[in-house]
Amino acid sequence: MVFNMKIKPKNIYLKLKEIIIKKKLVDLEKSQYWTINELKNFQNERLKKIINYAYKNIKGYRDKFNQVKIKPNDINSSNDLYKIPILTREEIQENPAFINPKLIHTTLYTGGSTGKSLIYYDDQQAGIMRWNCHYRGWKYQGYNVSKKLAVISAAKKISINHKILTLNGQLEDKYLRQNIEAIVKFRPEFLRGYVGSIYILGKYILEKNIKIDFIKAIDPVSENLYEYQKKIMQKAFNAPVFEEYCCNDGGACAWECEKHQGLHWAMERAIIEEKNGEMITTDLWNKAMPFIRYKNGDKVKFLKNKCCCGRTLPLIKVKGRDNDIIIAPKGPIGATFLMYHGIGYGDKNSFRTGIRIVQYVQEKNYQLNVNIVKSANCTQKQIDGFKKAVKTTCHQMKIKFNFIKDIKGTKIGKRQFIINNDHKLLEKWK
Ligand SMILES: [Zn+2]
């Protein structure tokens, strides 16, 4: 998955309450039962609008259309999409030609599973669709805002806000213990958070033989979920895992329903195409930064079976970029953490803006080499902030920071964000 970070986690849920249901662009509860033709017609109508808009208002797209000599009239349905050249992340990275600054409502970041984050923007409508799709997906798990939820992401302390328990995202034993105590006391019915974090929490629960019997659904997000992780989570929390896929840059998103037969693709938000196994996505709403035929780096497979839950939204299977994992003495560290832990979201002074590319390379004996390419205006303060965050996340490892000019891609052209050269250790955990 392209590791998406939205806004500060603790604000997500307040925001959710504010937006959800009040503002609807489509009745998503109904549209998930439309016929496939109705869904496709809906997509095509939206597609024409966004194509017209992009051609008229976004120079980057106008240039792309002109390059292959097509006009908006040439695109009347998703069947015509192939005529438009594919959009890459590199093209839109820090490229104002793809943005309409007047419509920016929210600034978002990808976690950069390639080691490089993309800053992108939502307009208001795209934001409403994003939240409403999430909310519908979470409802598949039985969740609604009146239910108690525990969240584990990048927060640095435990807090309770209405029905939401935010756990401490630092994963040293003492914090794990505090998190579990808080969970037992709060008794949430739902658990959501980074794959790596829930997994480590689950392992701790099993190790210490703690009984948790009140969770109804586990929703691991933002990282590839492996079968071994899922097993541990389900055993530790005595609850089923519901998979979720969300790539907000491009609007592709899908949720597993109570029948667990695949992930229902939210067709109302984006068109997903599959090309040689790669996902190509077109956001049907975002005008602040349109994503038209965007290759997001994830892999998708359309499943042939229909879900027995009755929802017509097609089933897909998604896999994010294959990353190795970094393994500390206490266990694997979530990829999302390596990119984000401790970052001040959106703050110009945060080290997010100071570090251009980062790469983690693990060697034997828990040696971790962190290769860093600084951005042009990087300050010492940002460097210090970054180092501190890495040391906190990987606190039992021997860390060495290397500042270099560039990080080359691998043979297949992709820059690997995490490389683990301790194959023996990797075997033990994968
Ligand atoms: Zn279903």
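The values are calculated or read from the model by the stated rules, or taken from the named source; none is laboratory data. This one's a predicted model, so the numbers in the text were calculated from it and none came from an experiment. Heads up, the Cβs are rebuilt from the backbone with ideal geometry, glycines too, and the neighbour counts pull from every protein chain shown. Accessible surface is based on the protein model in full, side chains and every heavy atom, while ligands, DNA and RNA are left aside. Shrake-Rupley method; radii C 1.70, N 1.55, O 1.52, S 1.80 Å.
Each row is one residue, and each column tells you yes or no for (1) at negative phi; (2) in contact (Cβ under 8 Å) with a residue 60 or more places away in the chain; (3) open to solvent by less than 30 Å² (accessible area, probe 1.4 Å); (4) not hydrophobic (A, V, I, L, M, F, W, C).
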{"residue": "Tyr228", "(1), (2), (3), (4)": "yes, yes, no, yes"}
{"residue": "Val241", "(1), (2), (3), (4)": "yes, no, yes, no"}
{"residue": "Glu244", "(1), (2), (3), (4)": "yes, yes, yes, yes"}
{"residue": "Asp249", "(1), (2), (3), (4)": "yes, yes, yes, yes"}
Looking at this structure, is Ala154 closer than 19 Å to Tyr199 by Cα, open to solvent by 10 Å² or more (accessible area, probe 1.4 Å) and in contact (Cβ under 8 Å) with a residue 40 or more places away in the chain? yes
Within the stretch 262-293, the count of residues that are within 16 Å of the ligand (Cβ to nearest atom), assigned to a strand (DSSP E or B) and under 23 Å from Lys48 (Cα atoms) comes to 1
Does Tyr175 meet the test of being open to solvent by less than 20 Å² (accessible area, probe 1.4 Å) and not hydrophobic (A, V, I, L, M, F, W, C)? no
Looking only at strands (runs of 3 or more DSSP E) that fall completely inside the stretch 114-193, which ones have 1 or more residues that are at pLDDT below 90? 119-122, 159-161
Answer yes or no: is there a residue in the stretch 129-148 that is open to solvent by 30 Å² or more (accessible area, probe 1.4 Å), in contact (Cβ under 8 Å) with a residue 12 or more places away in the chain and within 16 Å of the ligand (Cβ to nearest atom). yes
Residue under question is Lys259, and the condition is that it be within 16 Å of the ligand (Cβ to nearest atom), assigned to a loop (DSSP other than H, G, I, E, B) and among the basic types (Lys, Arg); does it hold? yes
Of the residues in the stretch 217-256, how many are of a type in the set (A, V, I, L, M) and either within 13 Å of the ligand (Cβ to nearest atom) or part of a strand (DSSP E or B) (or both)? 6
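Within the stretch 304-415, considering only helices (runs of 4 or more DSSP H) that don't extend past its boundaries, which have at least 1 residues that are modelled with pLDDT under 85 and open to solvent by 30 Å² or more (accessible area, probe 1.4 Å)?
351-354, 380-393
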Restricting to the stretch 294-311, name every residue that is more than 16 Å from the ligand (Cβ to nearest atom) and touching a residue at least 24 places away in the same chain (Cβ under 8 Å). Tyr294, Lys295, Asn296, Gly297, Asp298, Val300, Lys301
How many of the residues in the stretch 251-271 are open to solvent by 10 Å² or more (accessible area, probe 1.4 Å) and β-branched (Val, Ile, Thr)? 0
What is the residue count in the stretch 201-221 for residues that are at pLDDT below 95, within 19 Å of the chain's Cα centre (by Cα) and open to solvent by less than 20 Å² (accessible area, probe 1.4 Å)? 1
